[in-house]
1. With +1 assigned to the C-beta of every Lys and Arg and -1 to the C-beta of every Asp and Glu, and no other charges, what is the dipole magnitude of the chain about the Cα centre in debye, to the nearest 20?
2. Can you give the FRET efficiency to the nearest 0.05 for Asp81 and Arg446, using r as the Cβ-Cβ distance and R₀ = 60 Å?
3. Against the longest alpha carbon principal axis of the chain, how many degrees, from 0 to 90 and to the nearest 10, is the axis of helix 647-660 turned?
4. How high is the relative contact order of segment 587-725, in percent, with contacts defined as C-alpha pairs under 8 Å that are six or more residues apart?
5. DSSP beta bridges in segment 256-404, what fraction antiparallel, as a percent rounded to 5?
6. Return the tail of the calculated pair distribution for the chain, meaning the percent of Cα-Cα pairs more than 50 Å apart.
7. So which trypsin sites (Lys or Arg not before Pro) in segment 646-722 pass both tests, a DSSP loop state and at most 12 other Cβ atoms within 10 Å of the Cβ?
8. At a threshold of 8 angstrom on Cα-Cα distance, excluding pairs fewer than six apart, so keeping six or more, what relative contact order does the chain reach in percent?
Amino acid sequence: MRLTILVPTPHYADIDCLLHYQSNSALPYGTLVRVPLGSRELLGIVWNDLDARTTHERVIPDEASLKPIIEVFDSIPALNDHWRELVKFCANYYQRSLGETALNSLPASLKKLTSPQLKKRIKILDKPVLNSSQKNETYAPKLTDEQVHAISAITSQTRPYLLFGATGSGKTEVYMQCVAHFLSQNIHAQALIMVPEINLTPQLKDRFSERFSHWGAQAVVSLHSGMTDPQRLSSWLLAHRGTARIVLGTRLSIFASLPNLALIVVDEEHDTSYKSDSGVRYSARDLAVYRSHKLNISVILGSATPSLESWHHSRPKSDGGRYIRLSMLHRVGNKEDSNVTTFGSQFPKLCLVDMNHQPRNTILSQPLLTAIKERIACGEQSLLLLNQRGYAPVLFCSDCGWKSDCTNCSAYRVFHQLDRTLRCHHCGLTQPVPRACPSCGNLDIRPMGQGTERLEELLTEALLGHERKNGGCARIVRIDADSTRHKGTLEQMLSSVYHGEVDVLIGTQMIAKGHDFRSITLVAAINPDGALYSCDYRASERLFSLLLQVSGRAGRDAQLAHRAQMWVQTWQPTHPLYSALKDHDYQKFADQLLIDRQVAGLTPFSSQALMRAEGKTQEAAQSFLLRASQAIDAVISASEPNASKHLEENIRKSALFRYRSYITISSPIPMFMQRVANVERAQMLIESSSRVALQGFLAAWQPLIFQQKQKGLIRWFIDVDPLSI
Ligand SMILES: [Zn+2]
Ligand SMILES: [Zn+2]
């Protein structure tokens, strides 16, 4: 008999991803199979033929001429309706091919194994695992009133919730109690907990595994890109077969097959890592909301600094809000002792250093340095945030004005002192530092600006001879992408901070999130002003969120909370962003930003998509974008084609015609980072006040774009709900 199989044809290949094959027996939709395609053998999924793209001429071949399916993976259940609906929605919404979306969201090793090999893997998983800790007592820490309120709200009504909880207000405890509630309702129920960073997963996994150990050794599994392929497959299989009750994972875990999903949690929901930046450019947070809606279950979006979108959605229901906002504004006290809970621990006090009044070229101001020394003297830790790795962002010649440009990109190469190199952080071009200015021969070429290496060097000098509380020299550790390149070093560094072996921690935004450092009482942002001048309208939202997150690292220990300080070195001390930070007032800041966005007609008050083109020349990239937009008007103004013969064209034309007036397409422009690795990049913004119109328009437009030819074009794609413009 004839079966329709979904195969991963790439997005740009203009062939349908639903193909016909011959099978001896009927197979349910969602069954995994292996099929031949050309000279290859591919993993495919039995699919409903009705999902075939209508824009393609479909010639249904004779059954006798069809190739047979090679093998059926019958040792695991078929992917259910809900999962197939999820990937279909994702493909449509983000304008990618269904085959690519569905098959790429499955674990890579599933594609390599034969059916007997898979059976063997499952047998290993089914071997009884000894549960080392068989604690079955119910753990009940003392909760704050805010936690009690949040938990009772979430467990009583199915909705999307925005858990607006300050850092240290005990969001994780709320997640765990809600998970415990929903999973005890039904012995098969499952929960998906998403976190942004891989390096946060082990800590969180330990907490969940410990709490839920009575559900068995395989009850809690992780799913993230830091795992090996076989590890990922094991977690995926445990989730798919219902053995795993809790899946903890990063962005990609949103596609886990969870047949009995009862609750989704998205921790740090504002984090940009939830949005994929290649291939299918999906937002895992938005898909989580979609998934919960389809299953009629609750989703908890947690954050101390929610994204403006989620904040807006959680406005009062009477104003059209769709989420319920639950606030937890007070910090939980010392967590180590569950019998003592201190309420309302203070938030760090903000100290602004006006850099206009500091000596020229100051990197670390005197008052801040003094404060750091005080902390060291009494055995407390400091954390310095500087979002630029390397020694200095650029080298320059004071004679002729030469700067260390990258020859491949429109960016400077960063000066790295430790290995004396100039490195491009975009294309990787690395060269030794020249002895003299390459343009005029001047020997005096200097670093301009500051990076973490330079800050470390400066601080080391400044702290020379300065003793720690228990004797010995002050110790500094630098955490950034360079210092943590080797596997295991990050964990080692974090643990040395955790155990108090380090006095000052210097780092990029890697150190801002999640880590629970108890003895940090001073946090400082060294040079955060950049975002205030950025051309990206989301930059200030992100800066505020970063600074609030990083300030949350200070004073987590209740005994030290009163000493906690957040320092900011700025040239703009009167900027409203800093006054909102002073009051620790996200709400005020977000509400003001929303007013600005509404006036400017930006998200969340409009829907956006970016069409991006990359070419050998900027002209090629831009003229492709122009062609793509001109093609729309050409179709709309063309004379009526023969109705019976060109059904697809008519459907497309009427869709374009219907939606065109709701859409604004701006002119193609070079991207801010115009050239990367010798590729020229251009973009075109497509906006609409109606999401439905934008979606309908993009779907009708895409086939037209495929028809456009342009010499020198390398690739193009559409980014729906882009995070940076
Ligand atoms: Zn020069
Ligand atoms: Zn470069």
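1. That gives a dipole near 860 debye.
2. 0.40
3. Value to nearest ten degrees: 30.
4. Working: 203 pairs, mean separation 58.5, N = 139.
Once normalised by length, the contact order is 42 percent.
5. Given both bridge residues lie in segment 256-404, the antiparallel proportion sits at roughly 45 percent.
6. The proportion of pairs with Cα distances above 50 Å equals 19 percent.
7. When the trypsin sites (Lys or Arg not before Pro) of segment 646-722 are filtered for loop state and at most 12 Cβ neighbours within 10 Å, Lys709, Lys711 remain.
8. Computed value for the chain: 11 percent relative contact order.
The values are calculated or read from the model by the stated rules, or taken from the named source; none is laboratory data. As the structure is a computational prediction, the values presented were derived from the model and not from experiment. Here Cβ is always computed from backbone atoms with ideal geometry, including for glycine, and neighbour counts include all displayed protein chains. Only protein heavy atoms, including side chains, enter the accessible area calculation; ligands, DNA and RNA are left aside. Shrake-Rupley method; radii C 1.70, N 1.55, O 1.52, S 1.80 Å.
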